[in-house]
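Okay, so here's the structure we're looking at.
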Amino acid sequence: MNANEPVAPRTAWMNSLRDEALRMDRPEISKVVHIGWVIASYANSDGTNADPATATIATVAGCSDETVSRAKKVLKALGVLEEQRRPNSNSVYRLVPLEAGCLDWDVHMNLYTDNPQARHKKRVKEQKLAEQMASGAAEPAAGRTPLQNGVRNPSRNGVHDRRPPLPAGSPEAPGPVHGPALAPVPTPSGRTRRTTASSASTQPPLLLAVPGHDEPATDDIRHTLAEHGVPEALRLYGRERVTRELAAGSSVAPYVPPELTVPCGYCEAPPGGACRNSAGLRGTAHEARMDAWAIANADCPDCKATVDKPCTGPDGAPQDGIHRQRAELGAQMRAVAERQPRTETGT
């Protein structure tokens with residue numbers, strides 16, 4: 001080509017965009033230039049009447065339709081491409097000659113880089129950062145050492161001790177521990193404990209023994225049974241300890257849980273006696289004992305078996321165990337029986 005021969009507007013436009021891609025040397029700008037070249041290849045020599053479909057541009061450029069749309073937004077924002085939309089037909093493009101000087105890509109490249117994928121990645125990153133900050137703020141102070149909480153351990157010599165605090169019950173711990181150490185039972189997550197103005201001042205919180213400390217003395221349990229009754233003892237010392245004390249023949253309160261009034265078919269414990277091993281225990285009794293109590297006291301809503309009659313299958317033959325509805329009904333009846341007020345003899 002003769003150097004004095006004038007360059008066609010389309011060729012000059014493509015050469016100018018090529019120079020911009022070489023100057024910026026960024027992959028996203030090179031992609032925009034590539035899509036602009038594909039559009040220019042359909043234009044006349046004067047840069048008009050380019051009407052390729054978006055799907056055609058995407059196929060030639062090896063990208064998606066959305067990428068083509070974002071690249072056209074950048075070219076139109078830079079003022080180097082004009083688009084005229086036509087109803088029920090492809091748009092018509094005109095290549096606008098570039099003015100002297102460099103294009104300001106940084107001002108308009110957000111039209112290309114701000115895509116749904118990038119926004120999704122940004123949201124995921126912000127969500128992870130928020131979760132990390134929330135987990136750090138919710139870290140319980142009890143899990144930290146006293147020095148991390150801003151409190152130093154005092155020393156006998158008057159010098160601050162940086163060592164962690166001594167565990168409870170240690171020989172070097174200051175002061176002996178007498179009796180059972182009690183701690184409040186935590187409330188399940190998502191639920192709140194209901195309290196009333198009358199019960200808040202008279203009813204202490206439910207307490208359980210902390211593992212590693214002394215078991216409550218038998219005299220303490222018997223004293224609570226004699227002074228406050230079985231419900232208070234159950235709340236303070238737990239069902240297992242109180243039931244064990246009652247089943248051992250304590251004369252303080254001859255109360256026996258409902259399920260212990262029937263013999264156990266698993267460990268052969270007699271009526272009124274506690275189950276003798278922990279295998280298969282559901283609370284203080286075996287599941288077979290719970291089922292026996294339900295058979296002796298409740299009808300079966302499923303097979304319509306009456307009291308003292310075993311549950312039957314679809315063929316009418318007796319079956320092992322009981323139906324789930326009968327077991328649930330028996331559990332409800334035992335709970336009601338335990339809540340009923342008892343006489344001074346404990347019955």
Open item on the list: So, in the stretch 305-337, how many residues would count as being of a type in the set (A, V, I, L, M) and not in a loop (DSSP other than H, G, I, E, B)?
Closed with: 7
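Is it fair to say residue 37 is in contact with a Lys or Arg (Cβ under 9 Å, 6 or more places away or on another chain), of a type in the set (Phe, Trp, Tyr) and assigned to a helix (DSSP H, G or I)? Before you say what the answer is, go through the steps one by one.
Values: in contact with a Lys or Arg (Cβ under 9 Å, 6 or more places away or on another chain): yes; of a type in the set (Phe, Trp, Tyr): yes; assigned to a helix (DSSP H, G or I): yes.
Judged against the criteria, residue 37 is a match.
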Open item on the list: If residue 111 meets every condition in (1) crowded, with 18+ Cβ neighbours inside 10 Å; (2) modelled with pLDDT of 90 or more; (3) out of contact with any His (no Cβ under 6 Å at 6 or more places or on another chain) apart from one, which number is that one?
Closed with: (2)
Task: Within the stretch 3-26, tally of residues that are buried (at least 16 other Cβ atoms within 10 Å of the Cβ) and within 53 Å of the chain's Cα centre (by Cα) - done: 4
Open item on the list: With the condition being among the hydrophobic types (A, V, I, L, M, F, W, C) and at pLDDT 70 or above, I'd like the helices (runs of 4 or more DSSP H) fully within the stretch 187-300 carrying at least 1 qualifying residues.
Closed with: 218-228, 230-237, 239-247, 287-297
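Determine, yes or no, whether residue 48 is more than 17 Å from residue 113 (Cα to Cα), among the β-branched types (Val, Ile, Thr) and part of a loop (DSSP other than H, G, I, E, B).
Values: more than 17 Å from residue 113 (Cα to Cα): yes; among the β-branched types (Val, Ile, Thr): yes; part of a loop (DSSP other than H, G, I, E, B): yes.
Here the answer is yes, as residue 48 does meet what is asked.
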Task: Where residue 56 falls short, out of the listed (1) part of a loop (DSSP other than H, G, I, E, B); (2) surrounded by fewer than 17 Cβ atoms within 10 Å (Cβ to Cβ) - done: (1)
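With respect to residue 90, is the statement that it is in contact with a Pro (Cβ under 8 Å, 6 or more places away or on another chain), of a type in the set (S, T, N, Q) and either at pLDDT 90 or above or not assigned by TED's automatic domain parsing to the domain that holds residue 35 (or both) true?
Numbers: in contact with a Pro (Cβ under 8 Å, 6 or more places away or on another chain): yes; of a type in the set (S, T, N, Q): yes; either at pLDDT 90 or above or not assigned by TED's automatic domain parsing to the domain that holds residue 35 (or both): yes.
Considered against the rule, which asks whether it is in contact with a Pro (Cβ under 8 Å, 6 or more places away or on another chain), of a type in the set (S, T, N, Q) and either at pLDDT 90 or above or not assigned by TED's automatic domain parsing to the domain that holds residue 35 (or both), residue 90 comes out as yes.
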Open item on the list: Just to be sure I understand, how many residues within the stretch 284-310 are within 19 Å of residue 266 (Cβ to Cβ) and within 41 Å of the chain's Cα centre (by Cα)?
Closed with: 12
Open item on the list: I'd like the full set of residues that are free of Cβ contacts under 8 Å to residues at least 40 places away in the same chain and of a type in the set (A, V, I, L, M), limited to the stretch 36-84.
Closed with: 38, 53, 55, 57, 58, 60, 61, 68, 77, 78
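The values are calculated or read from the model by the stated rules, or taken from the named source; none is laboratory data. A quick note: this is a predicted structure, and the numbers were derived from the prediction, not measured. When we count neighbours, we look across all protein chains shown, and the Cβ atoms used for this are built from the backbone with ideal geometry, even at glycine.
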